[in-house]
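Reviewing the structure listed below.
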Amino acid sequence: MDNKEINRQYIRAKKRVKKLKSYYSHLVVYTIVNTCISVLKITHDIKGGDPIQEALFDGDNYSLWLWWGIGIVFHTYQMFGSRLLFLNKDWEDRKIKEYMNEK
């Protein structure tokens, strides 16, 4: 393998790592921001006179999780593509080989 090919591989790998880092950062921000907003909404509902159970199970307090979560699903698919699907063709091929090698 020549230096040009090694450089190309390095650049591709570096871009992939950068995308993966961005994806994980997105997940962290999603979790932290949505947790804080949900806690604030629940606290506000309780201070407003709602019982704790009603405040905890109010769907409006978690709606941002759903809408932003849809974006996370698209980002996840963009990042991992068909490899994300558990029962894909690669999985089938690996299982066939595994069972063929069993004694």
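The values are calculated or read from the model by the stated rules, or taken from the named source; none is laboratory data. These numbers were taken from a predicted model, which means no experiment stands behind them. All Cβ positions, even for glycine, are placed from backbone atoms using ideal geometry, and neighbour counts span all protein chains on display. Protein only, heavy atoms only, side chains kept; ligands, DNA and RNA dropped before computing areas. Shrake-Rupley method; radii C 1.70, N 1.55, O 1.52, S 1.80 Å.
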* Asked: Using beta carbons and a limit of 8 Å, which pairs, at least six apart or on different chains, have the first residue in segment 7-24 and on the phi > 0 side of the Ramachandran plot and the second one in a helix (DSSP H, G or I) and open to solvent by 100 Å² or more (accessible area, probe 1.4 Å)?
  -> none
* To do: Output the residues belonging to segment 29-70 that are among the polar types (S, T, N, Q) and surrounded by 16 or more Cβ atoms within 10 Å (Cβ to Cβ).
  => N34, S38, N61
* Number of the exception - N34 against (1) touching a Leu at 6+ places or on another chain (Cβ under 6 Å); (2) without any contact (Cβ under 8 Å) to a residue 12 or more places away in the chain -> (2)
* Structure fact -> Subset of segment 5-28, residues of a type in the set (A, V, I, L, M), more than 23 Å from G69 (Cα to Cα) and open to solvent by 60 Å² or more (accessible area, probe 1.4 Å), comes to I6, I11
* What helices (runs of 4 or more DSSP H) lie completely within segment 7-103 and have 2 or more residues being within 16 Å of the chain's Cα centre (by Cα)? -> 63-80
* Structure fact -> When M1 is run through (1) open to solvent by less than 100 Å² (accessible area, probe 1.4 Å); (2) not in a helix (DSSP H, G or I), the failure sits at (1)
